[in-house]
Amino acid sequence: MTRRIVLVGFMGAGKSTLGPLLAKKLGWDFVDMDQRVEERLGMSVAEAFERLGEPAFRREEEAVARELLERTETVVAAGGGAFAQEPTRQLLQQGALSLWLRVPLEVAEARIGSGDGRPLAANRARIRGLFALRERSYAGADRTIEVGDGSPDEVAQRVFEVVLACRSARTGEGDTGCGT
Ligand code: S3P
């Protein structure tokens, strides 16, 4: 049975909003990777980028991914870049059912707004470039769920149904691509 789920996807996909709703439906815990990095470093993500630099932030993110694999019955909201970092992606792919919450660029842009607190979202050109690059990494997730429309509750239900379908598929034969 799947014991960990990681939500991946671009900034503004709703990972941190949907994660707790999904965890509640499953009766599992919820952990936000960015929040864990902030706790470990004692500073915000924006400060970490500014004071320590992106490579240091990515190292911490990888350490958090490792830490999460010690847990069971946990839904994890990954930071938007976590799945684009090779070692972190490998850890998450191997240790969890990964779900790509796929959001259209226009929806992500509208949600990101002025990019406050998101150091890589400082301008539109950068957001668009990153978005195109990142799609290739997210495509490595076990399942893709379109999340551009609907209320958070509706989308959480959509995600929950994918998890249930995955679980029942696992009782059958063969490789279901449903993760750990
Ligand atoms: C990042 C996304 C952010 C956060 C950091 C870097 C990225 O997470 O980890 O600002 O590289 O896309 P959210 O997707 O939760 O905004």
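Mind running the shape call on segment 4-169? Use the C-alpha gyration tensor, a ≥ b ≥ c as the square roots of the eigenvalues: rounded below 1.5 for a/c, prolate if a/b tops b/c, oblate otherwise.
The shape class here is oblate.
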**OP:** Using a 1.4 angstrom probe, figure out how much accessible area segment 4-169 has per residue, in square angstrom, rounded to the nearest whole.
**Re:** 46
Original post:
Within the accessible area of segment 4-169, what % is carbon and sulfur when the probe is 1.4 Å and the other protein chains stay in place?
Top reply: 47
Subject >> Zone of Glu86's modelled label, taken as backbone nitrogen in segment 1-21 under 19 Å from a point 7 Å along Cα→Cβ >> reply: none
Original post:
How many times 2.2 N^0.38 Å is the alpha carbon radius of gyration of segment 8-105?
Top reply: 1.03
Original post:
Residue separation times 0.36 nm, minus the C-alpha to C-alpha distance between Thr144 and Arg128: what's the value?
Top reply: 3.7 nm
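Given charges of +1 on the Cβ of Lys and Arg and -1 on the Cβ of Asp and Glu, with all other atoms neutral, how large is the dipole of the chain about its Cα centre, in debye to the nearest 20?
200
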Subject >> Once exposed loop GluC sites (Glu not before Pro) are cut out (DSSP; at most 13 other Cβ, 10 Å), longest piece of the chain >> reply: 71-172
**OP:** Note down the nm distance, to one decimal, between modelled labels 7 Å out along Cα→Cβ at Leu52 and at Arg40.
**Re:** 0.8
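The values are calculated or read from the model by the stated rules, or taken from the named source; none is laboratory data. Note that the structure is predicted; figures quoted are calculated from it, not measured. Methodologically, a virtual Cβ is constructed for each residue, glycine included, from the backbone with ideal geometry; neighbour enumeration extends over all protein chains shown. SASA here: full protein model, heavy atoms, side chains in, ligands and nucleic acids out. Shrake-Rupley method; radii C 1.70, N 1.55, O 1.52, S 1.80 Å.
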